Amino acid sequence: MTTSPDVNLWTSAEHALDYLRRAESIPHRVEGEATLLEFVPIEVNRVLDLGTGGGRLLALVKSSRPRAQCVGLDFSPTMLESLRKLFATDRSVTIVSHDFENELPPMEQFDAVISSFAIHRVSHKRKRTLYQEIFELLTPNGVFCNLEHVPPPPRRVSSGDFRGERRSIEQAARS
Ligand SMILES: C[S@@+](CC[C@H](N)C(=O)[O-])C[C@H]1O[C@@H](n2cnc3c(N)ncnc32)[C@H](O)[C@@H]1O
């Protein structure tokens, strides 16, 4: 069966469970998460995780910033269930069921809005409005950190194609 790229599979339990099983194996994920966490202030008060899934990134935030009040937002019933289990005894984590294709629900402001491997699914048009909504949710010094995989350059681009660019960067660095 072929699936249209426009269909968001995350509401399927099978798709969500398959992801949770292989989440560990995403290449360079740990480095990406570590880099994201470097940008989240250690004294952060409130954190929102968009497309939080099983709560992996939120758990990392909580382990290093235990006093942070966190909100995990997702729309997949399977992910939400897994999240509820993970944070069953942690009253500092609030779980919000919401499809971020639609305007974000009213919430108090956050010092950090974070997300990993989730926002790429929405159209560029929706990304623009979503980023505006995120901006409005941030406290004055708040940060938005989004971890995503970026596709590699097309095959026809070889290292040789970058030589000219590299020379101009080196020249610029010298000037
Ligand atoms: C690849 S998983 C990543 C989960 C988690 N952030 C992680 O790093 O393991 C993508 C997550 O985004 C959620 N998601 C995708 N589209 C969404 C939408 N429109 N609204 C809310 N959540 C969405 C999915 O349900 C899923 O939990």
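Identify, from the list P27, P41, the residue that is in contact with a strand residue (DSSP E or B) (Cβ under 7 Å, 6 or more places away or on another chain) and part of a loop (DSSP other than H, G, I, E, B).
Within the list P27, P41, the selection yields P41.
How many residues, within the range 36-51, are free of Cβ contacts under 8 Å to residues at least 60 places away in the same chain and β-branched (V, I, T)?
Of the residues in that region, 1 qualify.
Does any residue in the range 86-106 that is of a type in the set (D, E) come within less than 8 Å, Cβ to Cβ, of a residue that is in a loop (DSSP other than H, G, I, E, B) six or more places away or on a different chain, and which pairs are these?
D99/F75; E101/N8; E101/V122
Per-residue answers, yes or no, for (1) among the hydroxyl-bearing types (S, T, Y); (2) within 13 Å of the ligand (Cβ to nearest atom); (3) at pLDDT 85 or above:
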position	(1), (2), (3)
V7	no, yes, no
S25	yes, yes, no
E38	no, no, yes
P41	no, no, yes
L48	no, yes, yes
G55	no, yes, yes
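Okay, residues lined up against (1) part of a loop (DSSP other than H, G, I, E, B); (2) within 15 Å of V40 (Cα to Cα):
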residue: I114; (1), (2): no, yes
residue: H120; (1), (2): no, no
residue: R128; (1), (2): no, no
residue: Q132; (1), (2): no, no
residue: F135; (1), (2): no, no
residue: N141; (1), (2): no, yes
residue: V150; (1), (2): yes, no
residue: P153; (1), (2): yes, no
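Restricted to the range 24-48, and to residues that are farther than 17 Å from I119 by Cβ and among the small types (G, A, S), which residue is surrounded by the most Cβ atoms within 10 Å (Cβ to Cβ)?
Checking each candidate, the answer is A34.
Please specify each residue of the range 73-98 satisfying the condition of being farther than 28 Å from E38 by Cβ and either exposed (fewer than 15 other Cβ atoms within 10 Å of the Cβ) or more than 9 Å from the ligand (Cβ to nearest atom) (or both).
Selection gives P77, E81, R84, K85, A88, T89, S97.
The values are calculated or read from the model by the stated rules, or taken from the named source; none is laboratory data. Keep in mind that what you see is a predicted model, and the values were worked out from it rather than measured. Every residue, glycine as well, gets a Cβ built from its backbone with ideal geometry; the counts of neighbours run over all protein chains shown.
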